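Worksheet for the structure shown next.
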Amino acid sequence: MTQKIAVAIIHGIGKPPADFADTLIEEITRLCSPKTGEDIVIRPVHWSPVLQGEETRLITRIVDGGTLRFPRLRGFMIDFIADAIAYQITPFDRSVYDSIHAVFARTLRQLALEAGPTAPLCIIAHSLGTIITSNYLYDLQHEHLISGIVRAQMEVSPLERGETLSLMYTMGSPIALWSMRYPEFGKPITFPPPELHTHYPNIPYEWVNMYDPDDVVGYPLKTLNDQYGAVVTEDREVNVGNFLEQWTPIAHLRYWGDMDVIRPIADQLVAVWEALNPDQAAKS
């Protein structure tokens, strides 16, 4: 029996449909399956419905207030800034934060059931999803920060506790902007998690942060401070989108379907699978 790999894909700003990750899943599967067969198990973390109701109410009340120009730009501002603000914990409420993290927990639970409780974990995150991922993993590594609402969605498997995280890809990440909330630009998650090599002594690992220079939301991470420099494997510059889009801020929305993003992820998933299944890799 071969060892499977679990992959969670978490979206960022906007109101993506439930199938937001289908293109990425299809391409990763196409590139990996000749080697790995069905051993790459991929599931999306679709958290946007948590905020859709309140976002719709907000837009209705704003529109009723008077004439507003630049509707598309305002839509972007609501998608990004309003979602980001709503996600933050306040002294009086953390319901949105916990509800979004509960979606994350349920997805990891599903992956643990389908790929196995100790399956190596890969996370692919975009935009605000990179903030959510960072916070979620940080909470896992500081267990007292996990709320009862989130804990109720979890079992005790190593995958769900983040112990088997070996690959992480952040795309168009505003973590650098969020770091302004903390002294010396904050403290990243511990990567790789200290338990990883207890489970898999020889497994490859990497945290690659991909950004397009024309994407005004995405920034490098390694130079934030020495701690980020130690845990982020690489800040990788990519050029995403078609010819007309890749020179504009629209690039922020085009990581999902770009082969310069997808192919290296698939290659590394295959490398991890081969390290875990050397006998089968030699035959394929």
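Working out 0.36 nm times the residue gap between THR90 and ASN202, then minus their Cα-Cα distance, what length gain in nm do you get to one decimal?
Value of the extension gain: 36.2 nm.
Among ARG236, ARG61, ARG181, determine the one that fluctuates most according to a GNM of the chain built with springs between C-alpha atoms less than 10 Å apart.
ARG61
Does region 96-152 come out rounded, prolate or oblate, given a ≥ b ≥ c as the square roots of the eigenvalues of its C-alpha gyration tensor, rounded meaning a/c under 1.5 and, failing that, prolate meaning a/b above b/c?
oblate
Where a Cα-Cα gap under 18 Å defines reach, which lysines qualify for LYS283, not counting those fewer than 8 residues away within the same chain?
Within the straight-line cut-off, LYS283 pairs with LYS4, LYS35.
How high is the relative contact order of region 185-284, in percent, with contacts defined as C-alpha pairs under 8 Å that are six or more residues apart? Mind showing how you got there, number by number?
Working: 112 pairs, mean separation 25.6, N = 100.
Answer for region 185-284 is 26 percent.
Taking the Cα centre of region 174-284 as origin, sum charge times position over the Cβ atoms of Lys and Arg (+1) and Asp and Glu (-1), and report the length of that vector in debye to the nearest 20.
240 debye
Name the aspartates and glutamates eligible as straight-distance cross-link partners of LYS187: C-alpha to C-alpha under 20 Å, and not fewer than 8 places from it in the same chain.
The reachable aspartates and glutamates, counting only those whose Cα sits under 20 Å from LYS187, are ASP139, GLU143, GLU163, GLU195, GLU206, ASP226, GLU234, ASP235.
Pull out a ≥ b ≥ c, the square roots of the eigenvalues of the alpha-carbon gyration tensor of region 135-284, then state rounded if a/c is under 1.5, prolate if not and a/b is larger than b/c, and oblate in the remaining case.
Taking the square roots of the gyration eigenvalues as a ≥ b ≥ c, region 135-284 is oblate.
Whole-Hz ³J(HN,Hα) for each residue in region 160-165, computed from phi via Karplus 6.51 cos²θ - 1.76 cosθ + 1.60 with θ = phi - 60°, x for glycine and proline: what do you get?
Computed from phi, the couplings for region 160-165 are 5, 7, x, 6, 9, 5 Hz.
Measuring from a point 7 Å past the Cα of ALA152 along Cα-to-C-beta, which residues in region 83-110 have an amide N at less than 12 Å?
Zone members listed by number: 99, 102.
Roughly how many Å² is the accessible area per residue of the chain, as a whole number, for a 1.4 Å probe?
48 Å²
Note the angle between two axes, namely the Cα long axis of helix 22-36 and the longest principal axis of the Cα atoms of the chain, as a number of degrees from 0 to 90, rounded to the nearest 10.
For helix 22-36, the angle is close to 10 degrees.
Once you place label points 7 Å from the Cα toward the Cβ at THR2 and HIS142, how far apart are they in nm?
Modelled inter-label distance: 4.0 nm.
Which FRET efficiency value, to the nearest 0.05, is calculated for GLN110 and LYS283 with the Förster distance at 35 angstrom and r the Cβ-Cβ distance?
0.70
If the label point is 7 Å along Cα→Cβ of ALA275, which residues in region 195-225 have backbone nitrogen under 11 Å from it?
Zone members listed by number: 197, 200-207.
Between helix 49-65 and the chain, what is the angle of the helix's C-alpha long axis to the longest principal axis, kept within 0 to 90° and rounded to the nearest 10?
Tilt of helix 49-65: around 20 degrees.
Ignoring ligands, DNA and RNA, what percent of the accessible area of the chain is carbon or sulfur (1.4 Å)?
57 percent
Between ARG61 and THR29, what is the spin-label point distance in nm, taking each point 7 Å from the Cα along the Cα→C-beta axis?
According to this spin-label approximation, the distance is 4.2 nm.
The values are calculated or read from the model by the stated rules, or taken from the named source; none is laboratory data. Given the structure is predicted, the values throughout are model-derived calculations rather than measurements. Cβ coordinates were reconstructed from backbone atoms using ideal geometry, including for glycine residues, and neighbour counts include every protein chain displayed. These area figures cover heavy atoms from the full protein model, side chains too; ligands, DNA and RNA do not enter into them. Shrake-Rupley method; radii C 1.70, N 1.55, O 1.52, S 1.80 Å.
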